[in-house]
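K.L.:
Let me give you the structure first, and then I'll get to my questions.
What follows is calculated from the coordinates using simple rules that are stated; it is not laboratory data. Worth saying up front: this structure is predicted, and the values here are computed from it rather than measured. Ideal geometry is used to build each Cβ from the backbone, glycine not excepted, and the neighbour counts take in all protein chains shown.
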Amino acid sequence: MVEVTLWGALGQLAGGQSKVEVEAKDIRELFRKLAEQYPGIEPWIEKGIAVAIDGTIYRDTWSKELPKGAEIFLLPRLAGG
Amino acid sequence: MRYIRPLSIEDAVGLLAGASGTSAILAGGSDLLVRMKGGFVEPDLIVDIKAIEGLSEIRETADGFSIGATVPCAVLGESSVLKKAWPGVVEAAKLIGSKQVQGRCTITGNLCNASPAADSVPALVAAGAKAVVAGPSGRRTIPVGAVPIGPGKTSLTKGEIIEAILLDSQAPRSGDAYLRFIPRTEMDIAVVSAGVNLTLDEHGVITAARVALGAAAPTVLLVEEAAEALIGRKLDEAALERLAKVCAGACRPIDDKRGTIEFRRKVAGVLARRATTTAYARAGGK
Amino acid sequence: MAGVAVSTTINGDHVEYLCQPDETLLDVLRDRLGLTGAKEGCGTGDCGACSIILDNRLVCSCLVLGAEAEGRIVETVEGMAHGDQLHPLQQKFLEHAALQCGICTPGFLIAAKDLLAKNPDPTEEEIRFGLAGNLCRCTGYDKIVRAVQDAATVMKKGV
Amino acid sequence: MNFDPRFSGRKFSSVGTRPIRPDGVDKVTGRARYGADFNMAGQLVGRVLRSPHAHAKILKIDTSKAEKLAGVKAVITAADLPDLTDGDSAMYDVLDNCMARTKALYDGHAVAAVAAVDARTARQALKLIEVDYELLPHVTDVDEAMKHTAPLINDTLFTEGLEEKPVKPSNVTKRSQFGHGDVHQGFGHADFIVERSFKTEQTHQGYIEPHACVASVSSDGTADLWVCTQGHFVYRQHCAQLLGLEASKLRVTSSEIGGGFGGKTHVWAEPVALALSRKAGRPVKLVMTRDEVFRASGPTSATSIDVKIGARKDGTITAAEATLRYSSGPYAGTWAEIGAMTAFACYKLDNVKTVGFEVLVNRPKTAAYRAPSAPMAAFAVESAVDELAKEIGMDPVDFRIKNAAQEGTRSSYGPVYGPIGIGPTLEAAKTHPHMKAPLGKNQGRGMACGFWFNFGGQTCVDLNIGMDGSVSLAVGTVDVGGSRASLSLVAAEELGIDYAQLKAVVADTSSLGYNDMTDGSRGTFSSSMATISAARNAIKILRDRAAQTWDIPVDDVVWENGHAIAKGEKYGNLAALSLKEIAAASGKTGGPIAGHSELVADGAGVSFATHICDIEVDPETGAARVVRYTVIQDAGKAVHPTYVEGQYQGGAAQGIGWALNEEYIYGKDGRLQNAGFLDYRIPVCSDLPMIDTQILEIPNPNHPYGVRGVGETSIVPPLAAIANAVSNAAGVRMTHIPMSPPRILAAIEAERGG
């Protein structure tokens, strides 16, 4: 079980929670389970969500493992210049 | 569209006078080609006057200088006699555009483009310069200030070409100066500008003054009250204060992308004051 | 619209071409003669990317008609190196990394060449004002100014 | 495979040196080919007709006269670019932006295009296209657009991110919020509170090279596109999707690029050129004019930002709050969201809250511009931070050091930081000689900090070893500022060979796997990771070939300094084999030797900078001159330090232009007034001093060499640093960017009570 922190807009889609608990070993499973639990989040996953694991931001590595006790933070996927 | 490069002023005048559609005179081209590029003008005839003999020379005459219509501004800056006599005119000419543009642009073109913000025009007006106009009915000489009559409009009639700009020899104990305000250090069009020409007596009292402002009205503005504020006085703080106030008051500027009315008024006064200080020093005043 | 026949000298070579009366020298160089070193950044004389030397005068080729080149001498960036020997300015621009994207580089090289021809020992301020007609958006000009200073030193020594 | 990206702390021999870039000679001789330097046989000239109106319904477009003009080979409108976006709203916006469908949404919005035998004919044809417009009320100001009375730009958009679903459409397309703690409580503990509102005007990336492309579509569904872009693979995806082509049949070649800064991450003219070519059956070259570049490409957001920060007497910030409103053009964007994330990223805050609003306006579609959205937020926050330091009576550097984020700090946007450089850049600023230099009359000194995330992303590299031992490196991230040099250094480092033995090129989309764009400061970070990985894969093969040659187990062969070495006493007689020797024999040991890498370069290291500047203000005219400027920034590892300095200097210069003079000026009619380099005033050479740089290297733990991105952070602090310096020089707080002379003079006069 990992604890995942959602940013504002995403939290609203998860019934107003800013933190949710998900049983997931990697980012892919996390996204799958989030979409199952909170269907409103699915389009956001499609558009792109970045995952910060202990402060390091992962945008595309869905195979990245979620270590036990790690701080998991979801963030909008950003544009750069 | 035709491009013709006549060899005489008579031929050039004849071509322009006889042209049926839109025609354009090409000297430096730094305004004409920009307007063509933007689609603002599509001339049927371009008359390139650079091959006309004599138009590309600066001549010293009995009265002063005759600057041919096709002399690039860069060449003005290379003339040590002209720079010595009319430093303000030369520094104004050398402020137009970049080095690249100065290699092409001319003070005659700057005048005929009739932009209220033209750099060389206030300096020329302050210097009392005249324009020699060749046309179908012969030649006439008119004050430079009489050429522009509104933004983009001149008093020249069909077939007329300015052949040369005349500057008198500078009177003893005289000096001129030109300053403009731009947001950057180069490459901008003047937001507002001031040209000043002063003559002093042996004691440093101003006996003659001409103060002209650019980008302060639809055409260059010769501010008579500014001259009055200076004549008969040495350049003391009170005279400068009065000058700045008069110049700010004389402005009839507009709000546009380059500056506000308020800003132009204030800075016109500041520039007039600073240019006057420089001109006074150049005239030998202390 | 009748074409204008022009006979001119470009980088030391005699060149003849036919152009339209309203065609700029920049377009002639790039589109008719394949000399794409000069770039069009604005087409209005505000960026200097199309700088060339025309009869020993630095000009924007976008503000010159192709027809005007008749009988004149044109120098472009393509003529700066001698064979495989780069001009000192070209060499110094490389050494100082005075270019990032490089689109403004031909214009800067030509403008700097003209500057040093007229003033072989310029101050930093003279270089900065001398090159003010050339826009660079990548470098902040620092390395360009240093490259020109360094080239001036080398050229004075005649190395 | 199994590539380990973790930082290893090795010693370098090539990385960190400053060789001449591989594309250098071509660029100083005029040979390098940029977007507009390419031509195809039989190509036509494409031109675009643009709306002169800020907001108008397109009732009818009659192209019949234009089609009849001799020399015109194709005329297209939105009808020739049917909607194939299949519900992808972001792509639909791109399509609509390329060619207006039902409404023209800004001055410069494309409505039709022609392809003709020459430029003159194309220009004439545009004049013959008749468009019937029904003018609609427009809004160009971000604050005005938020009002309930403002003209609606898109009546199908409702504000996202509100607690209750709105019932009415709005120009505010999204609300986003970040932060932690309780700001209300935090402000309650503050002894000093600064609260201010700020505005920044819209700026353009201002690359010197206008957008340019040559498109050639064949009747068999294959196509070629030559284009200046920051991401040719992304352009391929987008163009293929919009045109209904198969991606693999559209080959996109990225030309040399004459600057992008985010502005060439976005298709504009390319789908139009392809559509023209498809209709005309001939190649079409489409080059934007400078006027079009300003009116219809780029720009960044205009913003309006409120900031409130509170601190105790001892200088500890107790709470920080900001509301950020960013214009996104006429299409939904996420710019305020980024601003809201970055605003307070430099600080360690227990109580922080930022709220962003995305706002539609009748201006061009906002595109990324170097650390997009961060400079404006930093301007507002760093101005308020300076003011707060002053109120407390603390030195602005000490105040920032006291509150700087560090490893373990929870960032204002959420995650906890790893090792970061904000503290070190501040400490370096504190001891920098610039800080102690005396100031002249009318001069003021300012400093400010900045943050940017940096990105990674999908990346491919091919490394091919020639029979002569020379190495070619094919990369897929466009080289915007010398990355071919830095990637060559990285390959040389890994292989243990000389830099001169390598040549790096940017491969076209048919020659290499997919790559994300060169954006988010990712070019060197991502492609160096892939280069290291590719080189290591090549080394495996090189070792294997040496093992074959020696007939020993490959595990006994190691790679050192460009040679295969048999490890162990028993191989004492075996002379090391150089890369060159192994390559020469490759035909007989198993064929060509190459290393490939396809990876997602994630784990980009965040980056911080501190800038110091001195400004002289003319109190009579409001003119501001930059007297001295210093950039201190963490690079992680500077692969080619000269080009890292170049990024620092370039970002600072763009920031200086933004701070002082650059702005989009719209008339009451909603038309852009200054669509050219004459009145859109980017800094010229004589405007700037030398820009001093100091590179700090705090390794990114997620890159083998410790590389972080360096391209963007340098544009984040200048707006604030200059605002602080101007405020110190003129004695009045500046709150509106750009601080053009009229604005500075007006502020001075207001302060004087004049």
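K.L.:
Taking the Cα centre of segment B:191-282 as origin and charging only Cβ (+1 Lys, Arg; -1 Asp, Glu), how large is the dipole, in debye to the nearest 20? Numbers along the way, then the final one.
P.N.:
Numbers: 14 positive and 11 negative charges, 70 e Å.
That gives segment B:191-282 a dipole magnitude of about 340 debye.
K.L.:
Amide H of D:Thr318: which non-local residues (sequence gap of 5 or more, or other chain) have their own amide H closer than 5 Å, using H built in the peptide plane?
P.N.:
Hits under the 5 Å cutoff: D:Gly310, D:Ala311, D:Arg312.
K.L.:
Looking only at other chains, what is the average number of their beta-carbon atoms within 10 angstrom of each beta-carbon in B:28-39?
P.N.:
Per residue, the average neighbour count from other chains is 6.
K.L.:
Find the relative contact order for chain A and round it to a whole percent, using C-alpha pairs within less than 8 Å whose residues are 6+ positions apart.
P.N.:
34 percent
K.L.:
Just tell me which aspartates and glutamates come within less than 17 Å, Cα to Cα, of D:Lys57; anything on the same chain fewer than 8 places away is out.
P.N.:
D:Asp93, D:Asp96, D:Asp107, D:Glu130, D:Asp132, D:Glu134, D:Asp155, D:Asp669
K.L.:
Each residue of segment A:37-49 in turn: what ³J(HN,Hα) in whole Hz from Karplus with 6.51, -1.76, 1.60 and θ = phi - 60°, glycine and Pro shown as x?
P.N.:
For segment A:37-49, the Karplus curve yields 6, 10, x, x, 7, 4, x, 5, 5, 4, 5, x, 10 Hz.
K.L.:
Starting from the Cα of A:Lys68, draw a straight line to each of the lysines and keep only those under 22 Å, dropping any in the same chain fewer than 8 residues away.
P.N.:
A:Lys19, A:Lys25, A:Lys33
K.L.:
Before rounding to the nearest 500, sum -39500 (n - 2.57) across all DSSP H runs of length at least 4 in chain B and divide by the residue total; then give [θ] at 222 nm in deg cm²/dmol.
P.N.:
-9000 deg cm²/dmol
K.L.:
Evaluate the charge dipole of segment D:285-343 about its Cα centre and quote only its size in Debye, nearest 20, assuming +1 on the Cβ of each Lys and Arg and -1 on the Cβ of each Asp and Glu.
P.N.:
Around 100 debye, computed over segment D:285-343.
K.L.:
Can you give the mean number of other chain Cβ atoms that lie within 10 Å of the Cβ atoms in peptide C:28-39?
P.N.:
That average works out to 3.
K.L.:
Putting +1 on Lys and Arg Cβ atoms and -1 on Asp and Glu Cβ atoms, find which of C:Ala81, C:Leu65, C:Leu99 reaches farthest to the positive end of the dipole of segment C:54-109.
P.N.:
C:Leu99
K.L.:
Collect residues whose amide H, placed 1.01 Å from N in the peptide plane, falls under 5 Å from the amide H of D:Arg708; neighbours closer than 5 in sequence don't count.
P.N.:
D:Gly636, D:Lys637, D:Asn700
K.L.:
When only DSSP loop residues count, what trypsin sites (Lys or Arg not before Pro) in segment D:644-718 have their Cβ near at most 10 other Cβ atoms within 10 Å?
P.N.:
In loop regions of segment D:644-718 (DSSP not H, G, I, E or B), the sparsely surrounded trypsin sites (Lys or Arg not before Pro) are D:Lys668.
K.L.:
Another question about this same structure. Mean shadow of chain D, computed from the convex hull of its alpha carbons, in nm²?
P.N.:
35.5 nm²
K.L.:
Scan chain B and report its longest stretch carrying no GluC sites (Glu not before Pro) that are both in a DSSP loop and have at most 16 other Cβ atoms within 10 Å.
P.N.:
Free of exposed loop sites, the longest segment is B:58-201.
K.L.:
Could you derive backbone 3J(HN,Hα) for segment D:471-478 from the dihedral phi with the Karplus parameters 6.51, -1.76 and 1.60 (θ = phi - 60°), listing whole Hz in sequence and x where the residue is Gly or Pro?
P.N.:
Going residue by residue, I get 10, 10, 10, 9, 10, x, 9, 4 Hz, with x marking Gly and Pro.
K.L.:
If exposed GluC sites (Glu not before Pro) are those in a DSSP loop with at most 12 other Cβ within 10 Å, what is the longest stretch of chain D that has none?
P.N.:
Between the exposed loop sites, the longest stretch runs D:408-754.
K.L.:
Let me ask you something else. So what is the relative contact order for segment B:1-138, in percent, with contacts set as C-alpha pairs under 8 Å and at least six apart? Please list the in-between numbers first.
P.N.:
On the way: 200 pairs, mean separation 31.9, N = 138.
That works out to 23 percent.
K.L.:
Taking a ≥ b ≥ c as the square roots of the Cα gyration tensor eigenvalues, with a/c under 1.5 meaning rounded and otherwise prolate when a/b beats b/c, else oblate, which class fits segment A:2-76?
P.N.:
Rounded shape, in that the Cα axes give a/c under 1.5.
K.L.:
Which lysines have a Cα lying under 18 Å from the Cα of D:Lys308, excluding residues fewer than 8 positions away in the same chain?
P.N.:
Correct list for D:Lys308: D:Lys199, D:Lys348, D:Lys353, D:Lys390.
K.L.:
Restricting to segment D:431-576, compute how many DSSP beta bridges are antiparallel as a %, nearest 5.
P.N.:
Bridges in segment D:431-576 that DSSP calls antiparallel: roughly 65 percent.
K.L.:
So if R0 is 35 Å, what FRET efficiency would D:Asp143 and C:Leu18 give, r being the distance between their Cβ atoms, rounded to the nearest 0.05?
P.N.:
Between D:Asp143 and C:Leu18 the formula returns 0.05.
K.L.:
Once amide H atoms are placed 1.01 Å from N in the peptide plane, what residues at a sequence separation of 5 or more from A:Val2, or on another chain, have their amide H within under 5 Å of its amide H?
P.N.:
The answer is A:Val22, A:Glu23, A:Ala24.
K.L.:
Quick check on chain C: helices-only [θ] at 222 nm, where DSSP H runs of length 4 and up contribute -39,500 (n - 2.57) each and the sum goes over total residues. Nearest 500, please. Display every interim value, and only then the final one.
P.N.:
Values: 4 runs with 45 residues, N = 159.
Only helices count here, giving -8500 deg cm²/dmol.
K.L.:
While we're on this one: Taking θ as phi - 60°, what are the ³J(HN,Hα) couplings along segment D:289-303 by the Karplus curve (6.51, -1.76, 1.60), each to the nearest whole Hz, with x for Gly and Pro?
P.N.:
Here the 3J(HN,Hα) series is 7, 4, 4, 5, 4, 6, 6, 10, 10, x, x, 8, 6, 8, 9 Hz.
K.L.:
A 22 angstrom limit on the alpha carbon distance is what I want to check against. Which of D:Lys147/D:Lys668; D:Lys27/D:Lys580; C:Lys39/D:Lys285; B:Lys50/C:Lys113; A:Lys64/D:Lys264; C:Lys113/D:Lys27 exceed it?
P.N.:
Among D:Lys147/D:Lys668; D:Lys27/D:Lys580; C:Lys39/D:Lys285; B:Lys50/C:Lys113; A:Lys64/D:Lys264; C:Lys113/D:Lys27, the Cα-Cα distance tops 22 Å for D:Lys27/D:Lys580; B:Lys50/C:Lys113; A:Lys64/D:Lys264.
K.L.:
Trypsin sites (Lys or Arg not before Pro) within segment D:413-456: which are DSSP loop residues with at most 16 other Cβ atoms inside 10 Å? Numbers along the way, then the final one.
P.N.:
Working: sites: D:Lys430, D:Lys436, D:Lys441, D:Arg445; in loops: D:Lys441.
Passing both the DSSP loop test and the Cβ count: D:Lys441.
K.L.:
Separate question: Once the dipole of chain D is set up with Lys and Arg at +1 and Asp and Glu at -1 on Cβ about the Cα centre, which of D:Ser51, D:Ser486, D:Leu426 lies farthest towards its positive end?
P.N.:
D:Ser51
K.L.:
Something else now. On average over all directions, what projected area in square nanometres does the protein assembly as shown have, based on the convex hull of its Cα atoms?
P.N.:
51.5 nm²
K.L.:
Using helices alone, I'd like the mean residue ellipticity at 222 nm for chain D: each DSSP H run of four-plus residues gives -39500 (n - 2.57), total over residue count, nearest 500.
P.N.:
After summing the helix terms and dividing by the residues of chain D, the value is -8500 deg cm²/dmol.
K.L.:
Using the Cα centre of chain D as the reference point, and only Cβ charges (+1 on K/R, -1 on D/E), how large is the resulting charge dipole? Debye, rounded to the nearest 20.
P.N.:
That gives a dipole near 1000 debye.
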